[in-house]
Amino acid sequence: MSMQPKHLTLAVLLLAGAAALAGCQRETGPDPLELTGKMFIFNYRLAYATYMITLTKTEPVPEGSTVVATFENPAGGAPLALDRKLFPKLDKVVLESPDVTCVKKNRPYAVTIEVKGPDGAILQTLKTTVTSNLDQDILPAKALVVGPAYDKNPEVFKDGKAPEHFETASCAS
């Protein structure tokens, strides 16, 4: 009988030790993504602007994880959202917003990025701002080219000739 209490005591000590070690572990690991780049992209030929955010994976993410980005709408109104799947084998993540209008030079625009696990739980939240060094009015009002062959846009190039002055983009707000 004296043998059983020793085994019981040893088992209790081992369980207590395991519980103590588990208590020392962090509930959440290190952040899986690191912000590596942010800017506005102005496509002069097609007359549009977008946010471009680049991230580098610093930790593995579970299969089925996603990244959700919310971009401040420079024209006002509801923010623009983007939801992308994260692929475990890809180390770079590139997020390009839907087209935006009314981008103003030197004004910071808010961006929030959430990394979500397959169950929808938020694994990481990144908040940043993106500032342009150009106003959007440097873009033409209409795309200069159309179609897959980049043909001259007939609304801009009347009779195939360039206008004397290109109309530039403007902001209604």
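Name the single residue, out of those in region 73-106 being assigned to a loop (DSSP other than H, G, I, E, B), of a type in the set (D, E, K, R) and within 30 Å of residue 60 (Cβ to Cβ), that is modelled with the highest pLDDT.
Checking each candidate, the answer is 91.
Which one is farthest from the chain's Cα centre (by Cα) among residues in region 58-72 that are surrounded by fewer than 19 Cβ atoms within 10 Å (Cβ to Cβ) and in a strand (DSSP E or B)?
66
Does residue 55 meet the test of being within 21 Å of residue 35 (Cβ to Cβ) and either at pLDDT below 95 or part of a loop (DSSP other than H, G, I, E, B) (or both)?
Spelling it out, it is not the case that residue 55 is within 21 Å of residue 35 (Cβ to Cβ) and either at pLDDT below 95 or part of a loop (DSSP other than H, G, I, E, B) (or both).
Can you name every residue in region 143-161 that is open to solvent by less than 100 Å² (accessible area, probe 1.4 Å) and either at pLDDT 90 or above or assigned to a loop (DSSP other than H, G, I, E, B) (or both)?
143, 144, 145, 146, 147, 149, 151, 153, 154, 156, 157
The values are calculated or read from the model by the stated rules, or taken from the named source; none is laboratory data. If you're wondering where the values come from, they're calculated on a predicted model, not measured in any experiment. We place every Cβ from the backbone using ideal geometry, glycine too, and count neighbours over all the protein chains shown. SASA here: full protein model, heavy atoms, side chains in, ligands and nucleic acids out. Shrake-Rupley method; radii C 1.70, N 1.55, O 1.52, S 1.80 Å.
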